[in-house]
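The values are calculated or read from the model by the stated rules, or taken from the named source; none is laboratory data. The structure presented is a predicted model; accordingly, all values stated were derived computationally and were not measured. Note: ideal-geometry Cβ built from the backbone for every residue, glycine included; neighbour counts use all protein chains shown.
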Amino acid sequence: MNIRRFSKEDVQEVVALWNEVATVYHYKPLTEATFLSSFIEHDYYDADCVLVAYEQDNIIGFAAGCMGDDLPLGAVAGYITCVWLKESADQQLYHHFVDALEQRFILAGKTQAEVLFFNPVKLVWNIPTAMEHEHNNAPGISKELPLYQCLIERGYLDRATQCGMYLKLGEFVIPEDIAAKEQRAAEKGYRVLYFDPAKHEHLDELLAALGNPQWQQEITDAAARNIPFVTAVRDQRCVGFAGPIVRQPNGRAYFTGIGVHPEHEGHGLGSVLFFRMVEAFQHEQCDYVSLFTGINNPAIRIYEKAGFQVVKQFSILRKEQLQ
């Protein structure tokens, strides 16, 4: 068997391999067009990080990674995206693929490798309990993947577990204790409702205080384009947000995040914002909500209270000293 760079002449065989092997682990089937847009036609494509293995002119494996100095950790790290082999292939090929990716990272001046949700290549996966629904990004790899064991054997550390969570909409209601929490906040002068640019002030100050560039960009854009989102206000001043409220073409509810101004924490606003946001998604005819969160994140209890279930777990891995 041999390993070489991917060529566009390989696309049909690689897509067939993906749809034979990756879908077993609930990754969404690919077409030639979606394969190219995901792995080749993106800003961080590197020809030496997209590889195939072949035997007697037949492709038996595919591997992909990427790099970018402007990515999170990108100055020091390369990202491993995936490695897939035909069932009949020699399993040592996992090590050969990973070694090739690591050597490419080293050549580019990187000192570590990451399997992490900041990877710009977004691998879509189907909800195992509702295969007609999908999540837009895999935040790591499952322990059941053969690649996982390969990485552990090569000295990668399993640093954290991310839980993929899912809620089908249609019968969602605000629990009584959340409504009571909202009432207690109201007695302190807080209200949770849709953002109204004609009434609500200091959104920019809230977003600056939260310090998240993605939130700042997306929520500012939503306000400018009249895309709805939920906000917590006191004296018409924005002190929290949740959203935006977007129904994607596949029926999935999309939101960028939830945040409460540090000076207004401790009043239950985060929980109320989350539940009102889910209610808003249902009102907007979204079919479902999916998200991921750390297994030790206290917010997981809020999600479970809303009816979310953990449907898949992903590991985040790192090797700090590439050689």
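Looking only at residues of the range 275-323 that are in contact with a helix residue (DSSP H, G or I) (Cβ under 6 Å, 6 or more places away or on another chain) and farther than 24 Å from Val246 by Cβ, we find that the one that is modelled with the lowest pLDDT is Leu322.
Results for (1) over 23 Å from Glu153 (Cβ atoms); (2) crowded, with 19+ Cβ neighbours inside 10 Å; (3) among the charged types (D, E, K, R), shown as yes or no for each residue.
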position	(1), (2), (3)
Phe6	yes, yes, no
Gln12	yes, no, no
Thr31	yes, no, no
Asp48	yes, no, yes
Gln56	yes, no, no
Asp69	yes, no, yes
Val98	no, yes, no
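Listed by first and then second residue, the pairs with beta-carbon distance under 9 Å, at least 6 apart or on different chains, first residue in the range 253-280 and closer than 17 Å to Arg237 by Cβ, second among the polar types (S, T, N, Q) and crowded, with 22+ Cβ neighbours inside 10 Å, are Leu273/Thr231.
Would you check if Asn136 is at negative phi and modelled with pLDDT under 95? Judged against the criteria, Asn136 is a match. Consider the range 64-76 and keep the residues that are free of Cβ contacts under 8 Å to residues at least 40 places away in the same chain and among the aliphatic types (A, V, I, L, M). The one that is nearest to Glu87 (Cα to Cα) is Val76.
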